[in-house]
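Data block below; observations after.
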Amino acid sequence: MEKISFPPLIAELSEKSSLYNQRYNESEMKYGSLPAHIIANWMVEVVEPIVTETVALNAAPEKVHEVVKALYQESLKLIGNGSAIRYKEEYRQAWLLMAKMPNLLAKFPIKTISLLSDVLSSFHLYAPEKITDWCQLMSKSSAEIKTIEDFKIVGRIYAWKCGMAHLRTRLKEDFDQLSENLQEIIGTSLGSDKNTVQFFENPWTNNNTKFEGVQGGFRAENGFFENPPRLAQIDGNIFVTDSISSYALFADQFGKVLLPANTVDATYILANSKRLETLEKWLGKDSDKIDADNISSVVTTENTLVFTLKNSYFLYLFSLGNA
């Protein structure tokens, strides 16, 4: 720890050295040998800047102790389980958000760190390439995030912006709970040129039918399905199954997500699956490019068309636009 230069952090680690040594020994028993140089670099590059900003807000020794202990324990966990090594840059960026929101960390150290961990876990499942984008968006709003609830709501909105389509349906209500300053910042960050609440309601921004790409794929090639899947619309939701695994599909202008739907029986989805002889009603002349005889299932909603093909492991998505 000789590289640390911030006096309050040095004092805390020195005065409570027996406690921190105990935490270190416990972590080694759980995870095995911990690389000292990685811990040292993490403490200097990540923990020290966070503690510096928190102490500037609240320098009470008991608060410094509470914050440093939480950061140290979680740091050992992330290094021990490999997260802060395998995904070092992503975790570094996410953790340094706490230096921009020291008010949250000072009040709720464990909860704040836990929320960040939950966010990163979700991104690694659904949109790992978007973590940096999310951190940048959060950074733009950090000065106006005053409460844990602000953090949760803003975090959800930006996670949606970064590809998590399944979050959109709750965001209109979330957005209404934010301060006017946060609403204005978010509206700008989303690039919305119209009412932001309407922006949440409409999954697509175009007024014309448009191919929006594919989702799914063969499981052996990092996809989802072991057999060509089939779709069904049940209670207003889009479900898909390959007879083995079932998922709910969420798709909009920012992303496409398949969430496990373990409570929906595959046979029920198959029983509700429908075919169409033609897609001309929705796709017009473009429907000629698709072999109607090869269509295995179709779902159409007010604004989205999805179909599967007999010999494909993918779902094919079209936005029908917003009137």
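I'd like the orientation of helix 180-190 relative to the chain: the angle between its Cα long axis and the longest Cα principal axis, in ° from 0 to 90, rounded to 10.
Relative to the chain, helix 180-190 is tipped by roughly 60 degrees.
Compare the peptides 13-22, 153-162, 295-304 by average per-residue count of other Cβ atoms within 10 angstrom and give them in order, highest first.
153-162, 295-304, 13-22
Give me the percent of DSSP beta bridges within the chain that run antiparallel, rounded to the nearest 5.
95 percent
Heavy atoms only, probe 1.4 Å: what % of the accessible area of the chain goes to carbon and sulfur, would you let me know?
48 percent
Any lysines with Cα under 25 Å of the Lys107 Cα? List them, leaving off those in the same chain fewer than 8 positions away.
Lys16, Lys63, Lys69, Lys77, Lys140, Lys146, Lys152
When we measure straight from the Cα of Lys30, which aspartates and glutamates land under 14 angstrom away, once same-chain ones fewer than 8 places off are left out?
Once the sequence-local aspartates and glutamates are set aside, what remains near Lys30 is Glu74.
When ligands, DNA and RNA are left out and all protein chains stay put, how many square angstrom of accessible area per residue does the chain have with a 1.4 Å probe?
50 Å²
Could you work out how much longer the chain between Lys16 and Glu149 gets when fully extended? Use 0.36 nm per residue separation minus the Cα distance between them, nm to one decimal.
44.6 nm
The values are calculated or read from the model by the stated rules, or taken from the named source; none is laboratory data. Only a predicted model underlies this, so the values are computations on that prediction, with no experimental measurement involved. For neighbour counting, all protein chains shown are included, and Cβ atoms are generated from backbone atoms with ideal geometry for every residue, glycine included. Note: accessible area is taken over every heavy atom of the protein model, side chains too, but ligands, DNA and RNA are not part of it. Shrake-Rupley method; radii C 1.70, N 1.55, O 1.52, S 1.80 Å.
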